[in-house]
Amino acid sequence: MDGKQLWEQLLEIIQHATKRNIPNKIISSHSKPYWTSSLTSSVKELQEARKKYQRRSTPLNRDQLDEATKAFKKNLLAAKNAWVKERTEGINIKDSVQFWKKYKRVFGAQQDNTIFNLRKGDILITEDKDKEKLLFETYFTGEHVAKQVSNPEHDRKVGQEYQKARNEERGSNPNHLLNSEISINEIRDAIDKQTTVDKSTDRNNIHPCLLKKLGESAISTLQSIFNWSLKNGSWLWDTANVTFIKKKEKSTDCDSALIPLL
């Protein structure tokens, strides 16, 4: 059995285990993935202020209720913005479409998610449909990446190094790193380094939690698949074109200054 058949069988088993053991959370307009402990505290303060005002509707209690309401709305807006920023930072074009659908499910039906007027050049955008279109074009089509100021010389050097790494010939040298077989310990170490066990499934519907619980037989099968792939030069998984984007206020001499975008 070749590596491709092994991978298809292993994938089918893992997907079946995911479907059976990992509950799917349905994202809707009632979901609050942006919720934080700070918002919980703000809600409690707001509820206390509301109860206090309902017991005694004095001007002082009214002012405290207004302040608690303003504080909650401010924290709510900050939490939503932070959630969107975290999910969109470094996002690729393919995943951005799925995120936009999720964003609309979470925020689309809400009545208190006001987007104020936007400006595109000298034009003021006031209609909700036009605002939505502008936001999508700005953040989810790569337009903001295309407009980013780049360093042509630096981009050329990075491109050369990337192509060199991709096109490097392993040759017949048995001591070459890419000619050495992947060991069981390497696979275990890679799995142990995965800390995102509470995240959602990937494109193959594999949940990170299941990877942590793989048995000896599954890990041995993975080893066979990886080594077959290296030996035959056959890649069984998704391929992508990679573009390196420089972070703001980072020196181009630093490796961490680059964000690989797929």
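Distance check, please: which entries in K32/K85; K74/K129; K32/K80; K4/K164; K164/K231 exceed 18 angstrom between their Cα atoms?
On the way: K32/K85 15 Å; K74/K129 25 Å; K32/K80 9 Å; K4/K164 27 Å; K164/K231 20 Å.
Over 18 Å Cα-Cα: K74/K129; K4/K164; K164/K231.
Most tightly packed first, judged by the mean number of other beta-carbon atoms within 10 Å of their residues, the peptides 119-132, 1-14 read 1-14, 119-132.
Any read-out appearing in this document is the output of simple, stated calculations on the displayed coordinates, not a laboratory observation. Since the structure is predicted, the reported quantities are computational estimates derived from the model, not experimental observations. Please note: Cβ atoms are built from the backbone with ideal geometry, for glycine as well, and neighbour counts cover all protein chains shown.
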